[in-house]
C-alpha cells in the first residue's frame with residue numbers, strides 16, 4: 001500500500017473515532033484542474049460535420065464509442081459488453097454495457113446508437129461503404145443493436161472504432177449530417193460546459209461522475225477512460241511564444257503541437273517534457289477545389305507535381321527539429337503496410353521548374369486567380385501555404401495568398417461557390433497518418449463528389465478501386481490494390497502530398513498517464 005493511501009486510511013479512522021459533538025466539518029478540497037492549450041481555436045463542435053482535429057479532441061472528451069482502437073490499431077469493445085456475428089457474416093448483434101448514461105441523466109439506449117451510426121455513415125468513408133451493403137439497422141430492445149447486411153462487412157469493428165461515430169442522443173443524431181448539431185449532450189467521461197465556451201478564447205469541461213468506465217487498463221482509445229481531474233480548461237493562445245511561456249511558467253499544464261521552432265527551448269526548460277505520442281504522424285496536404293477553374297483541369301494538377309519539393313516544406317515547418325520530419329510521402333502513410341514507391345518518381349524525382357512552367361502553359365491555364373487559403377494562427381500550416389504560394393508563382397500560376405484564422409478557413413472551405421463569390425481554390429492542412437493507412441477512410445482520396453471531402457473530386461475509377469479494396473481476400477491483395485490507387489492518384493491528383501512529420505506534445509513533468517493516441521485525450525492523465 002502506498003504511503004499516501006496509508007495516511008488517508010488513518011485519517012479516515014481518526015475521523016470515525018471522533019464522530020459526535022467534537023467532530024469537525026469536512027474541509028472542501030480545491031478542485032483538480034488541468035489547463036490545456038489546443039493547437040487551434042475550437043469553432044465547430046460537431047465531429048461528423050467537420051474533420052478538424054481540434055473538434056476530434058473535443059469529441060473524445062465528451063462522447064464515447066461502441067468500439068475503441070488500441071495502440072496496435074486493433075478494435076476493442078468500448079461501450080459494448082459483447083458482440084456476435086452470424087456464421088454467414090450477415091447479421092451483427094451488439095449489446096450495450098449496463099449503466100451507460102448521457103450527461104443529461106438519460107440512459108444510453110440502442111436506438112441512440114442506431115441513429116448515431118446512421119448519421120455517421122452519411123459522411124464517413126467506411127460508414128458510407130457499410131451503409132451501401134446494409135439491409136437495416138434496428139434496436140430490438142434497449143441494449144441490443146442489430147445490423148443486417150446484404151453481404152459481409154468484415155471491417156465493421158475497425159470502421160466504427162476509427163470513425164467519428166460518437167454516440168449521441170437520438171434527438172441530436174437525427175440532425176442532418178450536412179448540418180452541424182446545436183446541442184452537445186455527451187456520453188463520455190467529461191461534460192462540455194457550453195456557458196464557458198468562448199470561441200477564440202476558452203472552453204470548459206467537467207468530470208461526469210456517473211460515467212461508467214471499462215475496467216481494463218487504458219490502451220490508447222480502448223480500455224478504461226477514467227477522469228482524474230474535476231475540470232479541464234482549454235485556453236486558446238494563437239501566439240506560439242505565448243503558449244510556450246505559459247507552459248514554462250506553469251500557467252498551463254499542456255500545450256498541443258507546440259511550434260517546432262520552440263521545441264529545442266522547451267526540451268531544455270526545467271519541469272517540462274516534450275514527447276511524440278502519435279507514432280503514425282501527419283501528412284501535409286494541399287487541398288484543391290475540383291469544382292472550379294483552374295484546378296478542375298487534371299492536366300494543370302499534374303503539372304503541379306513536377307514542382308513539388310517536399311524537403312522545402314519539411315524544412316520550412318520543422319526548422320531545427322528536422323529529426324521529426326521526413327520526405328517521400330505519397331498517398332498512403334509512410335512505414336505502414338500499404339505504403340509503396342509506385343509512381344513516387346513524379347514527386348521525388350529531379351525538380352524541373354522550367355518543365356513545370358511549360359506543362360502549366362500546355363494545360364491551357366488562362367491565368368485565373370488562385371485563392372490559396374492560409375491559416376494565420378497555425379504556424380505549421382501557414383509555412384506549408386507560404387512554400388506552396390512561392391511554388392505556384394514560380395511556375396506561372398496567379399496565386400493569391402489569403403490569410404485567415406483556422407476557424408474562418410474551415411467554415412469557408414465548406415463553401416462550394418466560385419472564389420469570387422466567397423469560395424476558394426486551395427488550402428493547406430495536415431491529415432493524421434491513421435487516416436491514410438488504407439483507402440477505407442482516407443477522405444481526400446475519395447472520388448464521390450459532394451459526398452466526399454472538401455474539394456469534391458468526382459472520380460469513378462478511384463471509387464471502383466476503393467470498392468475492389470473492400471473485396472480483397474488477403475493483405476497482399478489489399479496492398480496490390482493500394483499501389484493501383486496510388487498510381488491512379490498520380491494521374492488524377494486529388495490533392496498534393498507535401499511531406500510527413502510527427503507533432504510533439506509539451507507538458508509539465510508533474511503529469512503522467514498520457515495515452516498514445518493520434519490526438520490528445522484526457523482520460524488516465526494524472527498529476528503527481
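Please list log₁₀ I(q)/I(0) at q = 0.19, 0.23, 0.30 Å⁻¹ for segment 163-213, using the Debye equation with identical point scatterers on the alpha-carbon positions.
Evaluating at q = 0.19, 0.23, 0.30 Å⁻¹ gives log10 I(q)/I(0) of -0.79, -1.03, -1.16.
Does anyone have the angle between helix 379-394 and the longest principal axis of the chain? Alpha-carbon axes, 0 to 90°, nearest 10?
Long axis of 379-394 versus the principal axis of the chain: about 0 degrees.
What number, in percent, do you get for the relative contact order of the chain if the mean sequence gap of Cα pairs under 8 Å and at least 6 apart is divided by its residue count?
18 percent
Which of the three applies to segment 157-300, rounded, prolate or oblate, going by the alpha-carbon gyration tensor with a ≥ b ≥ c and a/c under 1.5 meaning rounded?
oblate
Would any residue of segment 361-394 have its amide N under 20 Å from a label point 7 Å out along Cα→Cβ of residue 450? List them or say none.
No residue passes the distance filter.
For 156, 348, what ranking results if the residue with the fewest other Cβ atoms within 10 Å of its Cβ goes first? Numbers along the way, then the final one.
On the way: 156 21, 348 17.
Fewest-to-most Cβ neighbours within 10 Å comes out as 348, 156.
Return the inverse of the average 1/r over all pairs of distinct C-alpha atoms in segment 350-461, which is the Kirkwood hydrodynamic radius, in Å to one decimal.
It works out to 15.6 Å.
Note down the nm distance, to one decimal, between modelled labels 7 Å out along Cα→Cβ at residue 95 and at residue 361.
Each label point lies 7 Å from its Cα, and together they span 7.2 nm.
Need one number: the % of Cα-Cα pairs in segment 61-122 sitting beyond the 16 Å mark.
55 percent
For segment 36-173, max minus min Cα coordinate along each principal axis, in Å, sorted largest first?
Computed over segment 36-173, the largest-to-smallest principal extents equal 48, 31, 29 Å.
Tell me, what is a quarter of the convex hull surface for the C-alpha atoms of segment 282-501, in nm² with one decimal?
Mean orientational projected area (segment 282-501, Cα hull): 11.2 nm².
Antiparallel DSSP bridges in segment 282-501: what percent, to the nearest 5?
65 percent
Binned at 5 Å from 0, what are the whole-percent values of the Cα-Cα distance distribution for segment 397-528, short to long?
2, 8, 14, 16, 15, 14, 12, 9, 6, 3, 1
Return one number: the angle in degrees, 0 to 90 and rounded to the nearest 10, between the long axis of the Cα atoms of helix 475-492 and the longest principal axis of the Cα atoms of the chain.
Computed tilt is about 50 degrees.
May I ask for the angle, rounded to the nearest 10°, between helix 240-249 and the longest principal axis of the chain, with both axes built from Cα atoms and the value confined to 0 to 90°?
20 degrees
Sequence gap at least 6, Cα distance under 8 Å: using those rules, report the relative contact order of segment 126-274 to the nearest whole percent. It would help to have the intermediate numbers written out before the result.
On the way: 146 pairs, mean separation 17.0, N = 149.
Relative contact order comes out at 11 percent.
What is the spin-label model distance, in nm, from residue 88 to residue 132 if the labels are put 7 Å beyond Cα along the C-beta direction?
Reported label-point gap for residue 88 and residue 132 is 2.2 nm.
Would you calculate the separation in nanometres between label points at residue 354 and residue 174, each defined as 7 Å from the Cα along the Cα-to-beta-carbon direction?
6.7 nm
Please give the calculated 222 nm ellipticity per residue for the chain, where each DSSP H segment of at least 4 residues contributes -39500 (n - 2.57) and the sum is spread over every residue; nearest 500 deg cm²/dmol?
That comes out to -8500 deg cm²/dmol.
Using only alpha carbon positions, build the gyration tensor of segment 447-524, then give the equivalent ellipsoid semi-axes as the square roots of 5 times its eigenvalues, largest first, whole angstrom.
Those come to 35, 17, 13 Å.
Give, in nm to one decimal, the length gained when the segment between residue 408 and residue 467 is fully stretched (0.36 nm per residue of separation minus the Cα-Cα distance).
Going from the current span to full extension adds 17.8 nm.
Expressed as a rounded percentage, what relative contact order does segment 197-285 have, with Cα pairs under 8 Å and six or more residues apart?
Relative contact order here is 20 percent.
Pop the C-beta distance of residue 393 and residue 202 into the FRET formula with R0 = 56 Å and round what comes out to the nearest 0.05.
With R0 = 56 Å, the Cβ-Cβ based efficiency is 0.90.
Give the span of the chain's Cα atoms along each principal axis, as three whole-Å numbers ordered largest to smallest.
That gives 94, 58, 43 Å along the principal axes, largest extent first.
Quote to one decimal, in nm, the extra length available between residue 146 and residue 334 on full extension: 0.36 nm per residue of separation minus the C-alpha distance between them.
64.0 nm
Could you tell me the center-to-center distance, by alpha carbons, between segment 251-294 and segment 462-528 in angstrom?
So the two Cα centres are separated by 16 Å.
Taken together, the values in this text are just the output of simple stated rules run on the coordinates, not laboratory data. Only a predicted model underlies this, so the values are computations on that prediction, with no experimental measurement involved. In this analysis, Cβ positions are derived from the backbone assuming ideal geometry, glycine residues included, and neighbour counts consider all displayed protein chains.
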